[in-house]
Amino acid sequence: MTGTQRQQVYDKTGGHCAYCGCELPSKGWHLDHIIPVYRGHDGVNPRFRGLDTVENALPACPRCNRWKSVMSVETFRGEIGAQVARLRRDSAAFRLAEDYGQVAYVLAPVVFYFESQNDRLDGQEGSEADER
């Protein structure tokens, strides 16, 4: 992908990680493929057919991109949603903190930053149209 195309991807979310919403530095961010592009040892894996295009890319912080790896957006959403249950099950420290009210087990939908921004932008566009 060219530098111009990378900038277009970065601009999609105003310089924020498309997933967690943290601010991204101008250098050091990762380009995530929405539909994964994965090449096995032989360079080809027919399971993943994502394209290396601006339309199939979102900017991501290194942490989110590494966690997402070759997951679809929906699989990644489910994986994030499962983390608290895993911590509760596997971590005595988490359960202790929960018992003392320091953390709470909350079941809430996982909404990615790019989704919340799309909703906000869609609402703004509608209000601007109403003013005309």
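If Val110 passes every condition in (1) over 21 Å from Tyr19 (Cα atoms); (2) in contact (Cβ under 8 Å) with a residue 12 or more places away in the chain; (3) not in a helix (DSSP H, G or I) but one, which one does it miss?
(1)
Out of the residues in segment 46-60 meeting the condition of being open to solvent by 40 Å² or more (accessible area, probe 1.4 Å) and over 15 Å from Val9 (Cα atoms), tell me which one is modelled with the highest pLDDT.
Of everything passing the filter in segment 46-60, Arg49 is modelled with the highest pLDDT.
Give the residues of segment 84-99 that are part of a helix (DSSP H, G or I), out of contact with any Leu (no Cβ under 6 Å at 6 or more places or on another chain) and open to solvent by less than 50 Å² (accessible area, probe 1.4 Å), sorted by residue number.
Matches in segment 84-99: Val84, Ala85, Ala97, Glu98.
Could you give every pair whose Cβ atoms fall below 9 Å, whose first residue belongs to segment 51-67 and is of a type in the set (Asp, Glu), and whose second residue is part of a strand (DSSP E or B), counting only separations of at least 6 or pairs across chains?
Note: pairs meeting the criteria are Asp52/Leu31; Asp52/His33.
Kindly indicate whether Arg66 is within 10 Å of the chain's Cα centre (by Cα) and modelled with pLDDT of 95 or more.
no
The values are calculated or read from the model by the stated rules, or taken from the named source; none is laboratory data. Here the structure is a predicted model, which is why all the values come from computation and not from measurement. Backbone-built Cβ (ideal geometry, glycine too); neighbour counts: all protein chains shown. When the accessible area is computed, the model is the full protein with side chains, heavy atoms only, and any ligands, DNA or RNA have been set aside. Shrake-Rupley method; radii C 1.70, N 1.55, O 1.52, S 1.80 Å.
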